[in-house]
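Please read the structure below before turning to the comments.
The values are calculated or read from the model by the stated rules, or taken from the named source; none is laboratory data. Keep in mind that what you see is a predicted model, and the values were worked out from it rather than measured. Heads up, the Cβs are rebuilt from the backbone with ideal geometry, glycines too, and the neighbour counts pull from every protein chain shown.
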Amino acid sequence: MYYQPDNYLTYSSELTMAVNEAYDWRRSDRRLFGLIAILFVAVVLFGFGRTYYLKFAFDSRPVSSMLIHLHGMVMAAWVLLFAGQVWLIRTKRHRLHMTLGLSAVALAAVVIVTGFFTAVAAAKYGTASAPPDIPPLAFMIVPVVDVVLFGLFFGAAFVYRKQPATHKRLMLLTVINFLPPALARFPFDWVLSAGPLFFFGVPAAAAIAFIAYDRIQTGRVNKPFLIGAVILIVSYPLRLAISGTPVWMDFAGWLTTWAA
């Protein structure tokens, strides 16, 4: 006769509860990332709609720079790719998700190259989107660091591609990292008044909120995401502190001479 230990039912019950909790956590994750993908597209479209994507409806002056057009198309492709990848996971089309992930590597490289040269060209030749009270060379530190951090976060996401929970959280950091340019273009007077407090504060708050979400949902914090979030948040005041220093201004001047 098969013998069952006295605590067999207890083990079985605990295992069932653990499985149900894991399932609920994954389902909550899928829903949250689905919402994030929608909000990412909405924020980018709302921020850049008047100045680029829907410019024809607000301003008759065309964008003449081919570099800006290329940068705009590449960034639009990245936003759509992120949203598409989230949708593929939600619909359990994992094989296609992994296939498109390989193309994301090439697109990420193009994002870095076009983002860097667009930032340098804007500093050298000027742009209407730059803050009028900040020297272009000083402001260039903002998009340049954006590009560097994007490369760091995407590279880490690629390394952790076989650990889904960590991979998608590092991909989330690439989204949070690209929020400030869109937020800074929101067509409200209070956005201009708030300045960095808004367009840096919102991404910082989003990263902190997701750390809290992980802690509540799983009882622990994803360490790679935590490290990336700290790097991102700390970079915001550091950019402002370094931007006007002679060392940065000399380096920025050299970049505009070499790369633009």
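Among the residues of region 182-197, those identified as surrounded by fewer than 18 Cβ atoms within 10 Å (Cβ to Cβ) and part of a helix (DSSP H, G or I) are 189, 190, 191, 192, 193, 194, 196, 197. Of the residues that make up region 219-235, is at least one over 27 Å from residue 114 (Cβ atoms), buried (at least 17 other Cβ atoms within 10 Å of the Cβ), in contact (Cβ under 8 Å) with a residue 24 or more places away in the chain and touching a helix residue (DSSP H, G or I) at 6+ places or on another chain (Cβ under 9 Å)? Yes, because at least one residue in region 219-235 is over 27 Å from residue 114 (Cβ atoms), buried (at least 17 other Cβ atoms within 10 Å of the Cβ), in contact (Cβ under 8 Å) with a residue 24 or more places away in the chain and touching a helix residue (DSSP H, G or I) at 6+ places or on another chain (Cβ under 9 Å). Within region 198-218, restricting attention to residues that are in contact (Cβ under 8 Å) with a residue 12 or more places away in the chain and closer than 18 Å to residue 131 by Cα, the residue that is surrounded by the most Cβ atoms within 10 Å (Cβ to Cβ) is 200.
Give just the number: which of (1) of a type outside the set (A, V, I, L, M, F, W, C); (2) in a helix (DSSP H, G or I); (3) surrounded by fewer than 23 Cβ atoms within 10 Å (Cβ to Cβ) does residue 162 not satisfy? So residue 162 meets the others, but not (2).
Could you go through region 74-90 and let me know if any residue there is modelled with pLDDT of 90 or more, in a helix (DSSP H, G or I), more than 14 Å from the chain's Cα centre (by Cα) and under 30 Å from residue 139 (Cα atoms). Taking every residue of region 74-90 in turn, at least one turns out to be modelled with pLDDT of 90 or more, in a helix (DSSP H, G or I), more than 14 Å from the chain's Cα centre (by Cα) and under 30 Å from residue 139 (Cα atoms). Looking across region 236-251 at every residue that is in a helix (DSSP H, G or I), touching a residue at least 24 places away in the same chain (Cβ under 8 Å) and in contact with a Phe, Trp or Tyr (Cβ under 9 Å, 6 or more places away or on another chain), the one that is nearest to residue 163 (Cα to Cα) is identified as 236.
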